[in-house]
Amino acid sequence: AFEKGNQTIVALEVPILPSGEPHWETLTAMWQIVHAHQSTGAIRSASTIGEGGIAANMTKMALGNRIGFEITAGISDSLFIRQHGSLLVEIREGEDPEALFGSLPYRVMGKARGTTSVGIAPGVKMDLSTLQAKWEQTLDRVFPITPVHSPERTDASVFASGERSDDR
């Protein structure tokens, strides 16, 4: 989850070989650099770029602590592609991405903001509450978010009575 507003969001993108494997040398170098910068506090949070790509991960990181973001990299199909081995990182305010990651393939995606909205293009913003409701709506059929109660047993006296269920 994003830690706080006004911090830069960077995608560290590992090239994928024609075989479908990540470029192992780049991946190894990236993890070493990330570990070093995480140890110093320069990297504040990180997430693997999984299903749904950068766009999905930025949204999940924003929902975690209810900290919005603004995309400055522009919208393209590449934001929605799963990138094996790649990371989305939030770097401490004032850190220079070039100084941290200059030898790695990286893209500055935008900034975490101290707001509860997501800026996806100039003048286009979405509220985090709306995004969260839409996301939860797709999950509600499989993993109900609102509890379903049986009408005949809705009070806590069932637990105090010592009754046991016969359907174990």
Residue check: is HIS149 under 17 Å from SER47 (Cα atoms) and modelled with pLDDT under 85? no
Among the residues of the range 85-101, is there at least one that is under 15 Å from the mean Cα position of the chain (by Cα) and either in a loop (DSSP other than H, G, I, E, B) or at pLDDT below 90 (or both)? yes
Counting only residues in the range 41-59 that are among the hydroxyl-bearing types (Ser, Thr, Tyr) and within 16 Å of VAL14 (Cα to Cα), the one surrounded by the fewest Cβ atoms within 10 Å (Cβ to Cβ) is identified as THR48
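Looking at GLY20, is it on the phi > 0 side of the Ramachandran plot and not in a strand (DSSP E or B)?
On the way: on the phi > 0 side of the Ramachandran plot: yes; not in a strand (DSSP E or B): yes.
For GLY20, the condition - on the phi > 0 side of the Ramachandran plot and not in a strand (DSSP E or B) - is met.
So if I check each of SER76, SER103, which one is among the polar types (S, T, N, Q), loosely packed, with under 14 Cβ neighbours inside 10 Å and within 20 Å of GLN32 (Cα to Cα)? Before the answer, list the steps.
On the way: SER76 fails: within 20 Å of GLN32 (Cα to Cα).
Sole residue among the options that is among the polar types (S, T, N, Q), loosely packed, with under 14 Cβ neighbours inside 10 Å and within 20 Å of GLN32 (Cα to Cα): SER103.
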How many residues does the range 44-78 contain that are assigned to a helix (DSSP H, G or I), more than 18 Å from ARG113 (Cβ to Cβ) and out of contact with any Lys or Arg (no Cβ under 7 Å at 6 or more places or on another chain)? 3
Looking at (1) closer than 19 Å to THR8 by Cβ; (2) open to solvent by 50 Å² or more (accessible area, probe 1.4 Å); (3) without any contact (Cβ under 8 Å) to a residue 60 or more places away in the chain; (4) in a loop (DSSP other than H, G, I, E, B), which one does ARG82 not meet, given that it meets all the others? (1)
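The values are calculated or read from the model by the stated rules, or taken from the named source; none is laboratory data. This is a predicted model, so every value here is computed, not measured. Counting neighbours? That spans all protein chains shown, and the Cβs are built from the backbone with ideal geometry, glycine included. Surface accessibility is based on the protein's heavy atoms, side chains included, excluding ligands, DNA and RNA. Shrake-Rupley method; radii C 1.70, N 1.55, O 1.52, S 1.80 Å.
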